[in-house]
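The structure appears below as structure tokens.
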Amino acid sequence: MRILTSLLCKVTLSSMILTAPSLTGNSKDDGTEKPYDKDLMQPYYSSAVIKKFVNYTSLTASPIYSEKGETTIRLADVRRIHVATSVNLGKVAVAAHVRVVASAGARMITLATAAARSNAAASAKAVAKAAELKMVINEAAFIYDKMSLENSGLNEQAFEYAWRGYHNLLKKGVIRKKRVLTICDFSQPSCSRRLYVIDVRRKKLLYQTYVAHGQNSGGDYATSFSNEPESFKSSLGFYLTNRTYRGRNGLSLRISGVDTGYNDLASKRNIVLHGSNYVDPKYMSNFGTIGTSLGCPAMPTGMSKHIIRTVKNGSCLFIYHPTPKYLEESVVINNY
């Protein structure tokens with residue numbers, strides 16, 4: 001097909017040469033001689049030039065004379081058309097580029113707006129959280145003073161953190177028995193009555209008694225804590241009470257740790273509330289201190305039944321110690 005097309009072009013161009021006017025400007029059609037007129041100069045091509053035009057992309061025009069009124073296509077016209085086409089294509093490309101840039105700019109503006117809104121929402125949330133925390137701390141201070149808990153020996157910071165966690169768990173809806181809050185204050189020595197059962201509705205201290213810590217947590221003071229099985233240590237944090245059962249220590253109460261990483265293995269470790277003889281005042285009078293457990297918050301047998309029945313089935317228990325790492329990382333205290 002390409003060969004036939006080339007031959008057809010050659011034949012056509014050859015016929016143009018044969019029918020082209022002479023270089024003298026004469027025409028034999030009417031027998032008259034046309035004057036020499038430079039204004040009638042038009043670009044025509046010889047056969048050699050036409051052949052070059054057919055076989056190559058570049059050519060040079062040779063001027064000859066033509067009759068007035070004859071219409072011919074000039075190489076300059078072709079070049080002007082090419083330039084105009086190039087300019088139009090350039091305009092299209094520029095317009096397309098402008099559209100792309102405009103679209104990218106609009107997207108950047110949209111992303112910046114979304115980021116600004118997100119930052120504003122996060123800032124508003126942080127302000128609201130700070131205001132809520134301030135309210136809870138003030139509320140804890142008010143209750144602590146009203147109940148004169150300082151006179152009972154309860155550390156004020158222990159109660160503040162207990163109240164913060166209690167508030168956050170209430171918001172999550174996981175506390176079923178809302179009127180009772182139990183606190184083990186392990187900042188006190190084991191010879192102190194450091195277990196507190198509080199009626200938060202009536203703002204009344206229901207029970208205060210002794211409570212043991214794990215045998216590997218320390219002597220008179222608990223100083224080391226763990227969430228690991230077989231550690232025989234106490235675990236810090238917030239718990240929810242479950243159902244009672246009867247075991248070798250009599251009536252006992254299962255508890256579930258809700259402070260991730262600090263006491264969430266309590267059920268696996270069989271950590272429960274129970275009574276024990278080594279926590280009785282008689283034991284302390286004989287040995288000068290109370291005994292230690294395998295990690296359970298054990299209570300005197302004479303009071304354990306009453307306390308267990310009061311706090312069972314969904315109340316909040318908090319085991320406190322001023323360990324900075326725990327207080328900073330607690331998912332319950334900090335409402336993560």
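The values are calculated or read from the model by the stated rules, or taken from the named source; none is laboratory data. Just so it is clear, the model here is predicted, and its values are computed rather than measured. Cβ: placed from backbone, ideal geometry, glycine included. Neighbour counts: every protein chain shown. When the accessible area is computed, the model is the full protein with side chains, heavy atoms only, and any ligands, DNA or RNA have been set aside. Shrake-Rupley method; radii C 1.70, N 1.55, O 1.52, S 1.80 Å.
Please express the shape of segment 165-234 as an equivalent ellipsoid: the semi-axes are the square roots of 5 times the eigenvalues of the C-alpha gyration tensor, given largest first in whole angstrom.
The answer is 26, 17, 8 Å, longest axis first.
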Förster radius 25 Å - calculated FRET efficiency between Cys191 and Leu265, Cβ distance, rounded to 0.05
0.30
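Run the numbers on segment 117-236 and let me know its relative contact order in percent, using alpha-carbon pairs under 8 Å that are six or more apart.
Details: 138 pairs, mean separation 18.3, N = 120.
It comes to 15 percent, rounded to a whole number.
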Using a 1.4 angstrom probe with every protein chain in place, what is the largest-first accessible-area order of His167, His306?
His306, His167
Counting just the Cα atoms, what span does segment 213-336 cover along each of its three principal axes? Round to the nearest Å and put the largest first.
43, 31, 23
So, for the Cα atoms of segment 269-315, Rg and Dmax in Å stand at 11.6, 36
Kirkwood hydrodynamic radius over Cα pairs of segment 118-187, then Stokes diffusion coefficient at 37 °C and 0.692 mPa s, in µm²/s:
241
Could you rank Lys203, Lys125, Lys177 by how accessible they are, 1.4 Å probe, largest area first?
Lys125, Lys203, Lys177
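Count neighbours as other Cβ atoms within 10 Å of each site's Cβ, and list the trypsin sites (Lys or Arg not before Pro) in segment 249-336 that are DSSP loop with at most 16 such neighbours.
Those that pass, being in a loop and sparsely packed, are Lys268.
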Between Lys325 and Lys177, how high is the FRET efficiency from 1/(1 + (r/R0)^6) when r is the Cβ-Cβ distance and R₀ = 25 Å? Nearest 0.05.
0.25
Protein-only accessible surface order, largest first, of Val272, Val331 at 1.4 Å
Val331, Val272
Quick one: the Cα spread of segment 233-295 along its three principal axes, in angstroms, biggest first?
39, 24, 15
At a 1.4 Å probe, what is the % contribution of carbon and sulfur to the accessible area of segment 153-227?
42
Under the 0.36 nm per residue contour assumption, what length would be gained going from the current alpha-carbon distance of Thr110 and Lys125 to full extension?
3.2 nm
Positive dipole terminus of segment 179-247, leading residue within Asn216, Ser234, Ile183 (C-beta point charges)
Ile183
Rounded to 0.05, the calculated FRET efficiency for the beta carbons of Ser118 and Glu139 at R₀ = 30 Å is 0.45
